[in-house]
Amino acid sequence: MLSPFKTLGAVLCLVCALCFAAPNAQGDSFTPVFTTTGCFGTCLLPTAPDVTFPSPTTIDVTFAGLSQVVAIPSGDAPGDTYSWSAYAFPPAQFFSFTLLDVTNGVGFYGCGGSVGDSNNSCGQLTFAPVATATPEPGSVALMRSGSG
């Protein structure tokens, strides 16, 4: 026969364990920093909003007025260095963006040539931490419930 005190004790142990794990459950935001190492035609840099790690995650890249969502594979970290290559042909609304993790040993993908009204650039991407870490919404509630 189950005692209500055993059940209550088990629930409190679970809540207590979650309270210790809660401060580590963070989605840290990082600002993408694009630099160029070469370009043909108009030298443009991509832009992207802040990205939340841990990966896998995505980055919404805008280049020459066109946008593309690019995946950052599982295992990639915000401290890694990435190489990027972008090719945009705005009249035809064509945009290609390649992102490779140089830190994990993937080779650099260079720039191609320029044709007509196309824009082609390449360079490096790093991530700068946003000033404050963003805790998950449930973290504060879990910590408060554990202290009660």
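The values are calculated or read from the model by the stated rules, or taken from the named source; none is laboratory data. Not measured: the values here are computed from a predicted model. Here Cβ is always computed from backbone atoms with ideal geometry, including for glycine, and neighbour counts include all displayed protein chains.
Taking first residues from segment 44-55 that are without any contact (Cβ under 8 Å) to a residue 24 or more places away in the chain and partners that are not charged (D, E, K, R), the Cβ contacts under 6 Å between residues at least 6 apart in sequence or on separate chains come to 47/62; 48/32; 48/59; 48/61; 55/72; 55/74. Residue-level check: of (1) at pLDDT 90 or above; (2) in a loop (DSSP other than H, G, I, E, B); (3) surrounded by 13 or more Cβ atoms within 10 Å (Cβ to Cβ), residue 49 misses just (3).
The residue list 42, 35, 57, 31 contains one member that is modelled with pLDDT of 85 or more, surrounded by 12 or more Cβ atoms within 10 Å (Cβ to Cβ), out of contact with any helix residue (DSSP H, G or I) (no Cβ under 9 Å at 6 or more places or on another chain) and β-branched (Val, Ile, Thr), which is 31.
Scanning segment 82-102 for residues that are within 19 Å of residue 36 (Cβ to Cβ) and in contact with an Asp or Glu (Cβ under 8 Å, 6 or more places away or on another chain) yields a total of 5. Scan segment 81-94 and report the pairs whose first residue is assigned to a loop (DSSP other than H, G, I, E, B) and whose second residue is among the hydrophobic types (A, V, I, L, M, F, W, C), with Cβ atoms within less than 7 Å and a gap of 6+ or a chain change. That search, which allows pairs on different chains as well, returns 81/102; 93/66.
Exactly one residue out of 131, 141, 71, 86 is modelled with pLDDT under 85 and farther than 15 Å from residue 29 by Cβ, and it is 141.
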